[in-house]
Every structure is written in C-alpha cells, then in structure tokens.
2 protein chains.
Amino acid sequence: MIELRTPITVSEAVERVMAHARELGAETVPLDESFGRIMAQPLKATHDVPPFDRSPYDGFAIRSEDSRGASGASRKAFTVIGHYGAGAVFEGELGPMQAVRIMTGAALPSNADAVVMFEQASINGNSFMIRKEFAPLENLSLKGEDMAEGEMLAAPGSFIQPGIVALLATFGYTDVKVARRPVVGILSTGTELLDVHEPLSPGKIRNSNGPMIAAQLARMGISCRMYKTAGDELESCLDMVRQAMEECDCLITTGGVSVGDFDFLPAIYERLGAKVLFNKVSMRPGSVTTVSVHSGKYLFGLSGNPSACYIGFELFTRPVLLKMMGATKPYLPRTTARLGETLAKANPFTRFIRAVYDGSSVRSAGFNKSNAVSSIARGNALMVLPGGSRHFAEGDTVDVLLLGVEEGTDCWII
Amino acid sequence: MIELRTPITVSEAVERVMAHARELGAETVPLDESFGRIMAQPLKATHDVPPFDRSPYDGFAIRSEDSRGASGASRKAFTVIGHYGAGAVFEGELGPMQAVRIMTGAALPSNADAVVMFEQASINGNSFMIRKEFAPLENLSLKGEDMAEGEMLAAPGSFIQPGIVALLATFGYTDVKVARRPVVGILSTGTELLDVHEPLSPGKIRNSNGPMIAAQLARMGISCRMYKTAGDELESCLDMVRQAMEECDCLITTGGVSVGDFDFLPAIYERLGAKVLFNKVSMRPGSVTTVSVHSGKYLFGLSGNPSACYIGFELFTRPVLLKMMGATKPYLPRTTARLGETLAKANPFTRFIRAVYDGSSVRSAGFNKSNAVSSIARGNALMVLPGGSRHFAEGDTVDVLLLGVEEGTDCWII
C-alpha cells in the first residue's frame with residue numbers, strides 16, 4: 001500500500017534539479033525598466049571615468065611648476081583669470097602664475113596639473129597666495145582612475161541593482177539586454193481547497209499556497225499564470241497539467257505528491273512520461289517534494305503543506321528559475337548565527353525552520369509544524385539544523401539562509 | 001567665502017529627519033497586488049486554523065477508547081466503514097471498533113479522536129489491527145492549534161511578504177488595505193550633466209544619479225517622476241523645484257548642496273522658506289547631504305557624487321519614505337562581520353564604505369572615493385567605520401548595513 005521512496009540529501013536534490021536548467025534567451029528593455037533583471041550582456045566601460053582630469057574640490061587650478069619654492073616664509077601669488085563650475089571648459093592655457101577658480105567636478109585647463117583647495121589659499125579679490133609647493137597631479141581626480149575604457153564591470157548573469165543602473169547610465173546604455181523571464185504556471189491541487197473569495201465550509205480550507213507562491217515569484221520579479229484549483233481527480237488534473245505545460249516554461253503544483261490515496265501527481269508524471277528527478281528528500285518539512293522534467297520543462301511538485309511548499313520553492317524552484325535567467329548567484333545567501341533558544345527535538349532529516357534572524361541571533365518563528373501558516377508570516381530566514389539525533393542548545397552556532405534578499409550566492413553549501 | 005556649517009552626527013541626522021515624517025494614508029489593492037506593500041490594517045485570524053480537527057497523516061480515524069487494552073500480545077481489530085481525502089466530510093458517527101480511512105488534511109468524523117498512521121496498522125483488506133493504545137487526541141492536528149480566531153497576526157506597518165500573503169489568503173482577504181506609496185520626484189542638477197542618450201562632450205558626464213535613485217526607489221516598489229536635468233542656474237532651478245514640490249510628496253535633488261559658487265540649492269531653500277533640518281553630517285561620503293522640509297513635504301538634497309548620493313538615499317530618504325508608509329521597520333538591517341582587509345586611512349567622520357559582505361566577512365567593494373561609481377555596482381552592503389583616528393585591521397569586527405533586503409529593522413543603532 002505504501003510506496004517506498006528512497007530519500008536523497010538536499011544537496012544532491014539541488015544538484016539534480018540545477019543540472020537540467022537551460023537558459024531562456026534574452027530581450028531588450030529600456031534602462032529605466034532594467035532594475036531587478038539579470039544582465040544578458042557584459043557591461044563594459046565605453047570610456048574612461050572620469051572622462052577627463054577634474055577637480056575633486058572647490059579651488060584653483062594651477063600649473064604645479066608655478067608653486068615651486070612656495071613656503072610660509074615665501075608665499076606665491078596667483079592671478080585668477082577664469083571662473084567656472086562643472087560642465088564648463090576653459091578655452092586656452094594658463095600663463096605663469098595664473099589660475100582659474102573651478103568647482104568640484106570641473107575639467108582642468110589643458111595645461112593645469114594641480115588644484116589648490118580654498119582652505120589652502122589666502123584669497124584676496126582676484127588673486128590668492130599659497131604657502132606650500134604643490135606636486136604635479138596634487139588634488140586631482142585623474143582621467144580613468146575609477147574605470148578604464150574597455151574594463152569589464154559586470155558580467156552577464158549579474159543582478160541589476162541600483163549601482164549597476166548607475167553604471168549603465170554612465171556609459172550611455174539607453175537599452176539593456178536582459179534575460180527573458182520564465183513563464184511560470186501555478187496549479188494548486190486538492191479537493192479541500194476553496195478560492196480566497198469563498199466562504200469556509202466543513203472540511204475545506206482556502207488555498208493559501210497559490211497566492212503565496214505568486215508572491216514568492218513576485219519577489220523575484222516574475223509574474224505567473226494562475227490555473228484554476230484542481231480537485232483530486234486524475235483525468236481532469238492531467239488535462240490541466242498538459243495545458244499548463246504547453247503554456248509555461250515551468251509549472252509549479254502544490255499538493256498531491258505524497259503517497260496518499262488521492263495523491264495523483266505521481267500518476268500524472270507517469271502518464272506524461274516525465275522524468276522524475278527525485279520524489280523524496282531527507283529534509284523536514286517537504287520530504288515529499290518532487291521535481292520532474294518533461295520536454296525540457298520543469299514540473300515542481302511542491303507539498304500541499306504551506307511551510308513545506310514555501311521551503312520547497314526557496315530551495316529548489318528559486319535557484320532553477322534564476323539559472324534559467326543565467327544568474328550567476330542563484331542560491332539563497334547564507335550566514336551563521338547564535339541560536340537564541342534550545343531546540344530539543346531531534347530528527348534524522350535536515351530541518352529547515354522558519355526563523356527570525358536579527359543580524360546576530362536566530363530563533364524559530366513560532367509554531368513550527370509543517371502545516372503551520374503563521375510561522376511563515378513571521379520569519380525572515382530559514383534556520384538549518386542538520387539531521388541526526390543531537391539536540392541544539394541556546395548559544396550553538398547554526399546555519400541561516402536569508403529570505404527576501406535581492407542578491408544570492410554562487411554555491412550551495414548546506 | 002566659505003560658509004561654515006556645523007556637522008551633526010548621523011544618528012542625530014536620522015532622528016531629525018524621521019521626526020518630520022507624516023503618514024500618507026491608505027488605499028485598497030487586490031490580494032494579488034499586495035506583495036511588497038505595507039499593511040495599513042491589522043491582519044487578524046477570522047477563524048481558527050485549522051478550522052476543524054484534522055489528520056496530519058494518512059491513516060485511520062478511530063475513537064481512542066476502542067484502542068484501550070491493545071498491545072502486541074493483544075491486538076485490536078477495526079473495520080473500515082469509510083474512505084475519503086481532504087475536503088470531504090464523514091456524515092454520521094463511528095460505532096465501536098469502526099474506523100474511516102482518511103488522508104492528510106481530512107476532517108475527522110465528529111466522534112473520532114485519534115489517528116492510526118498506516119505504519120502503525122496491520123492492514124488486511126477492509127480491516128486493520130493495532131498493537132498499542134492510542135491516547136485521546138493522538139496524531140491529531142487540533143482546531144485552532146496554529147492560529148486562534150481573533151488572534152492578531154500582523155500589525156499595521158508590516159511589510160507584506162509571501163508568508164503574509166498566505167495568511168491573507170487563508171482568511172479570505174480578497175482586498176487588502178495598504179499604505180499609499182509616496183509620489184517621489186527626482187531632479188538632478190548640474191550643468192555638467194548629459195542625459196543617458198547623449199554623446200559625451202568635453203567637461204560633461206552623463207547623469208547616473210537620477211537613474212540610480214529611480215532604481216533605489218524601484219527596489220522599494222516606489223515609482224518616481226523624473227524631472228528634466230537642471231543646469232546650475234538659480235531661477236530656472238527654483239521654478240523646477242517649485243513645480244516638483246506641487247506634484248510630489250517628496251523631492252530628491254542631486255548636486256548643488258555644497259558650498260561651491262554654483263551650488264544653488266541652499267539659496268533655493270531660503271527662497272522657498274524651507275526649514276533646513278541639517279546641511280552637514282559628520283559622515284564620509286555625503287557630509288554635505290541636506291534635508292529640509294516645506295509645507296509638510298521633504299526636500300532631500302543629496303550630494304552629486306554618486307556614492308554619497310547612494311548612501312544619503314539609503315540612510316535618510318529610505319527610512320523616511322518607509323515611515324511615510326507607516327512601516328514599523330524602516331531602517332537598513334544591520335549585522336556585524338569580520339573585516340577581511342586592513343583599512344589604514346583614518347577619518348574624524350564616520351565612514352560608510354560600499355562593501356561586499358559574504359555572510360561572515362566584509363571587504364570594501366573597491367576604489368572607494370566618493371565620486372567612484374564602480375564600487376556601488378559591486379557592493380551589497382555598507383561597512384560602517386566609526387569616526388576617529390584609529391585604523392581598522394583585518395580580523396576586526398565591524399558593523400555592516402545590508403542593502404537590497406526587503407525587511408529592515410525597527411531602530412537605528414549606529
């Protein structure tokens with residue numbers, strides 16, 4: 001009666017699922033829509049930055065040679081022959097003991113090579129005195145010191161955060177080649193499921209997994225196609241899966257993957273001829289999480305239990321979707337933290353506990369059965385407790401995976 | 001010539017700027033557009049969860065009293081009189097030694113009070129044997145054990161992450177009252193600024209601050225009104241600021257706030273009659289960051305230097321915008337990390353260094369002058385080095401503020 005499944009480790013499951021991800025190709029978007037996308041082209045400096053020698057201060061541009069011999073006892077006087085701010089240029093050259101008054105960001109006259117800051121000058125009308133020598137290039141921001149023309153600044157696969165947007169703007173990228181976003185379908189299965197607008201009735205609950213996954217996708221900037229909730233009937237569910245597989249790059253189902261009498265997803269994988277990558281992972285919750293591939297598309301069979309569903313998405317679906325977009329850092333960022341409480345319960349499987357991380361310590365987010373919705377809402381992290389019989393004491397150092405962070409990490413190490 | 005300004009500490013500046021934030025009011029959005037918004041209503045459990053006693057396992061629902069006396073030596077036999085999955089209900093009651101076969105999530109018959117898991121039963125056709133007693137409520141998921149009707153699950157001001165979306169769905173919130181998003185204007189000033197599409201010309205650079213701030217706002221889910229780049233002319237710039245102040249809840253300007261000859265923002269604040277909250281902060285970069293308020297609206301005068309601009313936004317503008325939306329955790333999340341390099345340069349002001357944080361250690365993101373764009377693009381954090389003459393050695397523990405994290409923290413402690 002009970003189908004026997006062989007559990008694999010989480011890292012083995014991650015490896016298997018990632019091995020099948022193929023990239024989806026690119027599209028071009030205007031710069032002002034590029035935030036949050038994944039670069040599908042290299043970002044190279046198209047010119048030096050700064051593009052010209054400029055002043056990093058408000059002051060006077062001089063020829064350093066004219067300062068030679070200046071000291072407190074032997075001051076040197078300069079005549080100001082021009083005055084401009086950033087954006088203007090000085091036509092002509094400085095003569096001996098001449099200077100121009102320039103503001104931060106302004107280009108220097110072609111033969112000036114040092115800047116006297118206001119506080120280094122004794123100003124008197126149209127002239128000023130200095131009491132020290134200035135070295136060539138003193139107080140200058142040199143052409144190309146930040147970035148040199150041709151330099152690779154961000155590789156394809158980079159997440160476009162505001163700093164990358166600033167670089168794209170600097171180099172005149174009005175349009176940006178970014179990874180196409182996958183088309184993701186969500187199909188919640190279970191005769192017990194009501195839609196959000198429906199009143200409760202005996203034995204039924206509202207479908208929370210569908211909207212939750214839609215939000216997990218929205219967090220990644222990915223929209224979804226929401227399919228009508230399916231009851232636990234094989235044929236109608238199979239039809240809906242077939243239709244969704246036509247329309248999407250990847251289909252996420254919730255429920256129906258366990259070994260219960262009305263869990264039809266395993267039969268659907270068989271009918272489709274999908275290749276099951278795994279159907280049992282040595283983790284709690286979500287050990288029944290099943291991933292299969294068919295015609296180059298993914299079927300993520302997440303558990304119907306909300307916490308297991310949430311975690312299955314974060315551990316397996318999220319990195320695959322990022323890899324499909326070519327992202328070089330597809331995994332949840334990881335840190336370690338001091339355990340803020342004692343967790344006595346032991347489990348042979350690795351546990352992922354919805355948790356609150358405050359920057360130094362971590363605690364479970366509350367009632368933590370896999371069917372508990374409330375703890376998902378309170379947590380900002382997943383605490384990872386390796387499988388085994390030991391218990392974990394307050395003060396122990398534990399692994400923490402951070403949720404809701406825009407940039408991840410490039411390797412899976414749990 | 002040089003205007004003297006009195007610097008205040010970063011924490012004092014944060015306090016001053018936050019003190020003026022007023023909330024903008026609420027609007028209602030459909031559940032599937034609620035992710036990333038700030039709750040403007042409390043989220044309360046409208047019913048118990050689970051809403052009925054249910055089975056957390058696939059197995060048989062029994063009356064526990066019928067198991068009394070069961071042991072390996074004295075097995076008890078049950079007859080299965082029904083079979084259903086989650087979503088169905090059993091009409092009627094169990095008689096003595098009767099059971100129903102139910103699946104995970106299914107409601108129990110009204111007089112059943114325990115569940116025999118499949119692996120605890122010897123199944124034979126339509127009957128099964130047990131070899132142990134079952135206590136009342138054994139293997140049950142009890143009505144209300146996750147959440148009780150009336151329980152406050154998320155207070156107004158909570159960030160709506162996917163777990164909150166799951167709760168909203170569970171309780172039938174088809175629409176959600178969320179904070180209105182502020183209307184934010186961006187006005188980049190500087191005669192040197194070219195638009196992204198314009199070719200470089202002598203003395204000019206492309207405006208990267210405007211697109212960067214737009215992306216920093218997009219990261220918060222806030223769109224912006226981008227005003228035409230203004231040259232360094234007082235009257236035309238004043239007109240544009242006046243217009244923007246009419247149209248926006250908050251205006252962010254870049255450039256023009258220092259004490260240079262063409263820095264007209266201080267004069268504009270004076271002409272508007274705006275109250276300057278501060279115009280000098282003991283921080284690097286961005287010491288000239290100026291914030292003023294006028295008619296209940298903010299004018300953020302960020303530095304024209306890209307890094308200073310970026311940091312000024314994250315430290316001052318971001319928490320104010322979040323407070324205007326009623327968010328209870330408006331500040332950047334903070335952690336500490338091991339310094340991965342030696343930073344010898346001392347500074348009397350607190351330094352915020354764009355940095356790469358890998359979950360345990362932190363390093364500066366590279367070339368780190370305040371006018372460097374490249375380091376913004378590489379970093380995912382700000383390293384905070386307190387002001388003073390000491391240097392910082394590899395292995396020291398330093399404060400780190402994390403960027404691009406959806407949920408912040410409720411207090412500012414740096």
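The values are calculated or read from the model by the stated rules, or taken from the named source; none is laboratory data. Being a predicted model, the structure only gives us computed values, none of them experimental. Don't worry about glycine lacking a Cβ; one is built from the backbone with ideal geometry, like all the others, and counts go over all protein chains shown.
Within the set A:THR409, A:THR397, A:THR336, the sole residue that is among the polar types (S, T, N, Q), more than 25 Å from A:LEU217 (Cα to Cα) and under 22 Å from the mean Cα position of the chain (by Cα) turns out to be A:THR336. Here's a check for you: in region A:80-99, which residue that is farther than 25 Å from B:ALA372 by Cβ and aliphatic (A, V, I, L, M) is surrounded by the most Cβ atoms within 10 Å (Cβ to Cβ)? Filtering first and then ranking leaves A:ALA99. Take the conditions (1) more than 10 Å from every other protein chain (Cβ to nearest Cβ); (2) in contact with a strand residue (DSSP E or B) (Cβ under 8 Å, 6 or more places away or on another chain); (3) without any contact (Cβ under 8 Å) to a residue 40 or more places away in the chain; (4) of a type in the set (Gly, Ala, Ser); B:GLY87 misses just one of them, which is (1). Counting only residues that are surrounded by fewer than 20 Cβ atoms within 10 Å (Cβ to Cβ) and within 19 Å of A:GLY255 (Cα to Cα), region B:100-116 holds 0 of them. Of the residues making up region B:23-31, not a single one is within 13 Å of chain A (Cβ to nearest Cβ) and acidic (Asp, Glu).
Each residue in region B:45-84 was checked for being in a loop (DSSP other than H, G, I, E, B), closer than 21 Å to B:SER122 by Cβ and within 14 Å of chain A (Cβ to nearest Cβ), and 3 pass. Evaluate the following for A:THR6: is it surrounded by fewer than 19 Cβ atoms within 10 Å (Cβ to Cβ), part of a strand (DSSP E or B), β-branched (Val, Ile, Thr) and away from chain B (no Cβ under 14 Å)? The answer is no for A:THR6. Of everything in region B:129-171 that is of a type in the set (Phe, Trp, Tyr) and within 14 Å of chain A (Cβ to nearest Cβ), the residue that is nearest to A:VAL196 (Cα to Cα) is B:PHE171.
Filtering region A:396-414 to residues that are part of a strand (DSSP E or B) and more than 9 Å from every other protein chain (Cβ to nearest Cβ) leaves A:THR397, A:VAL398, A:ASP399, A:LEU401. Residue-level analysis places A:GLY125 among those that are over 30 Å from the mean Cα position of the chain (by Cα), assigned by TED's automatic domain parsing to the domain that holds A:SER67 and at pLDDT below 95.
With respect to the conditions (1) more than 9 Å from chain B (Cβ to nearest Cβ); (2) in a helix (DSSP H, G or I); (3) in contact with a helix residue (DSSP H, G or I) (Cβ under 7 Å, 6 or more places away or on another chain), A:PRO182 falls short on a single one, namely (2). Just one of the numbered conditions (1) facing chain B (nearest Cβ under 8 Å); (2) of a type outside the set (Val, Ile, Thr); (3) outside any loop (DSSP other than H, G, I, E, B) is not true of A:LEU217: (1). The residues of region B:194-208 that are more than 7 Å from chain A (Cβ to nearest Cβ) and either buried (at least 21 other Cβ atoms within 10 Å of the Cβ) or not in a loop (DSSP other than H, G, I, E, B) (or both) amount to a single one, B:LEU194.
Residue-by-condition table, conditions (1) surrounded by fewer than 22 Cβ atoms within 10 Å (Cβ to Cβ); (2) in contact with a strand residue (DSSP E or B) (Cβ under 9 Å, 6 or more places away or on another chain); (3) in the same structural domain as B:LEU302 (by TED's automatic domain parsing):
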{"site": "B:GLY157", "(1), (2), (3)": "yes, yes, no"}
{"site": "B:ILE160", "(1), (2), (3)": "no, yes, no"}
{"site": "B:THR170", "(1), (2), (3)": "no, yes, no"}
{"site": "B:SER188", "(1), (2), (3)": "no, yes, yes"}
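Elements of the type helices (runs of 4 or more DSSP H) sitting completely within region A:289-384 and holding at least 2 residues that are touching a residue at least 40 places away in the same chain (Cβ under 8 Å), under 27 Å from A:GLY25 (Cβ atoms) and more than 9 Å from every other protein chain (Cβ to nearest Cβ): these cover A:318-324.
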